[in-house]
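Here's the structure, in structure tokens; my notes come after.
The values are calculated or read from the model by the stated rules, or taken from the named source; none is laboratory data. Remember, predicted model here, so these are calculated numbers, not experimental data. So basically every Cβ, Gly included, is an ideal-geometry build from the backbone, and we count neighbours across all protein chains shown. The protein model used for the area step is the full one, side chains on, heavy atoms only, and it has no ligands, DNA or RNA in it. Shrake-Rupley method; radii C 1.70, N 1.55, O 1.52, S 1.80 Å.
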Amino acid sequence: MSPAKGARGRGDERRFGGAGVSAFGEMLVAGLGVAVLALPLVTLAPAVAAGVRHLDAHLDHEQDSVRRLASLGLQAIRSGWWFGLASTVVMGLLMLNTIGGMQGLLPGGTVLALVSGALAAVVAVATLRTAALWHPGARWSQLWRAGRNLVLDDPIGDAFVLIGVGVAITVVWMLPPLIVIAPGLIVVSLVAAERRRMPAQASG
């Protein structure tokens, strides 16, 4: 074993119990970081963006410290607070329509609930995929256009994201205190969806 490889191995062992579980540890770190950054709710999308970049950096063996995660989060929030606000408001209205329709409080009843629920799912996936494309210096308006296109162009990636969201919701439903790390599951699904597109992008 080369000295460099040995040094890397020893470094991995010091982080979260070894190389075999380091990715799991970083998922927990990303989840906690996103949960803290998203406390105002309107910063959810930028917080997810920072979490994705953090996990990406870890997988690429780049700088992935908690300080860098915090720095990425602040950068994303400064440039994308308006996007986070807009997406949160739209999602909130759609969810209110869904709940109101299911309870018969709004005209349209079940039909309104189904349509609003479907639209909420599409908006959520588009918002998350937009966040996954973010990098320091990127313009959120351009990212939003690309994110919307991905919803149509990459249905398998959309399925990854929906599964991640579904698992996160289930985990929180079963054990509410895990809400502080559940965002890490969504971050993992977004990273998986984006990395799945890499071979296609390279061949194109």
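Just give me the residues in the range 43-79 being over 17 Å from I186 (Cβ atoms) and not in a helix (DSSP H, G or I), in sequence order.
Selection gives D60, H61, E62, Q63, D64, S65.
Could you list, in sequence order, all residues of the range 82-101 that are open to solvent by 60 Å² or more (accessible area, probe 1.4 Å) and in contact with a helix residue (DSSP H, G or I) (Cβ under 7 Å, 6 or more places away or on another chain)?
If the condition is that a residue be open to solvent by 60 Å² or more (accessible area, probe 1.4 Å) and in contact with a helix residue (DSSP H, G or I) (Cβ under 7 Å, 6 or more places away or on another chain), then V90, M95 are the ones that fit.
Could you say whether any residue in the range 127-135 is open to solvent by less than 80 Å² (accessible area, probe 1.4 Å), among the hydroxyl-bearing types (S, T, Y) and at pLDDT 95 or above?
Yes, the range 127-135 has at least one match.
Can you find, within the range 35-79, the residue that is farthest from G25 (Cα to Cα) among those that are open to solvent by less than 50 Å² (accessible area, probe 1.4 Å), β-branched (V, I, T) and out of contact with any Ser or Thr (no Cβ under 6 Å at 6 or more places or on another chain)?
If we take residues in the range 35-79 being open to solvent by less than 50 Å² (accessible area, probe 1.4 Å), β-branched (V, I, T) and out of contact with any Ser or Thr (no Cβ under 6 Å at 6 or more places or on another chain), then T43 is farthest from G25 (Cα to Cα).
Which members of the range 156-179 meet the condition of being open to solvent by 80 Å² or more (accessible area, probe 1.4 Å) and farther than 25 Å from L93 by Cα?
Selection gives I156, M174, L175, P177.
Filter the range 108-122 down to the residues that are more than 21 Å from R148 (Cα to Cα) and surrounded by 15 or more Cβ atoms within 10 Å (Cβ to Cβ), then identify the one that is nearest to the chain's Cα centre (by Cα).
A113
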